[in-house]
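Can you read through this structure? Questions will come right after.
Just so you know, all these numbers are worked out from the coordinates, no wet-lab data involved. What you see is a predicted model; the values in this text were computed from it and never measured. Cβ: placed from backbone, ideal geometry, glycine included. Neighbour counts: every protein chain shown.
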Amino acid sequence: MIRENVSGNSDLSAPLWGRGGPGGAGQQGPSAPDPHAVLTGSEARVAGEERPGFAIRAGEPGDDALIAEHFRQMWRDNAVPEDRICETWKEDVLAFVSSARQALQYRSFIAELAGGKVVGSASCQLFAGLYPNILQAKQRKYGYVWGVYVEPDCRKRGIASALTRATLDHLRAIACTHALLHASPSGRPVYDALGFQPTNEMRLDLALEQKKL
């Protein structure tokens, strides 16, 4: 069964890492979650408190347009102007998701209220890497969590935590050793509570450096 899991989180700051499935690196994770299973809020507990009124389900290809819209809105909620978002944002996200589903074991998760209204989503997949990977999977097999988003009027109810936990269950099921994500300031407390740790990524603003010349 898919287990529970912030509020508008985006891929904006340094990455956070979570450890892999039970047994650590190199050990096979549990079997893949039932794609049709859901976890209702009444079953989910966050810090020991029940969070009734929502359910998490695995996404289907028919949800991809919703994933795209949430991903665009996530950037808007993090003060990115509309004119800085590509006009082809929807097509770009749909193409990315379609490719990741075929090549990177992509899975999305959808949060719904009791009446069926969709209020959040999250995505995860194998991490494609930023440089040649010369390590065996038993040493390092990264999963990546992205696009965790919850509608503003439904935040602070444990929904984003539930969505993130669902992505982690999927990454464990495909034997990832670590989970990687990028956190906005508003999302960081949620990921901290789930056990993610800051990493050694360093960043230099080249545009700002150029202005100094």
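Which order, highest average first, do 113-124, 95-106 follow once you tally other Cβ atoms within 10 Å for each residue and take the mean per peptide?
With the highest mean Cβ count within 10 Å placed first, the list reads 113-124, 95-106.
What list of ³J(HN,Hα) values in whole Hz, one per residue of segment 143-159 in order, does the Karplus curve 6.51 cos²θ - 1.76 cosθ + 1.60 (θ = phi - 60°) give from phi, with Gly and Pro shown as x?
Couplings: x, 10, 10, 8, x, 6, 9, 10, 4, x, 7, 10, 7, 6, 10, x, 5 Hz.
For E87 and Q73 in the same chain, what is the full-extension length gain: residue separation times 0.36 nm, less their Cα-Cα distance, in nm?
My answer for the length gained is 3.7 nm.
Cross-link candidates for K117: which lysines have Cα within less than 20 Å, leaving aside residues fewer than 8 places away along the same chain?
Answer for K117, where 20 Å is the Cα cut-off: K156, listed by chain and number.
Could you please rank V145, V93, V80, placing first whichever residue has the fewest other Cβ atoms within 10 Å of its Cβ?
Fewest-to-most Cβ neighbours within 10 Å comes out as V80, V93, V145.
Let me ask something else about it. Could you tell me which of rounded, prolate or oblate describes segment 81-213, using a ≥ b ≥ c as the square roots of the eigenvalues of the alpha-carbon gyration tensor, with rounded for a/c under 1.5 and, failing that, prolate when a/b is larger than b/c and oblate otherwise?
Here segment 81-213 falls in the rounded category.
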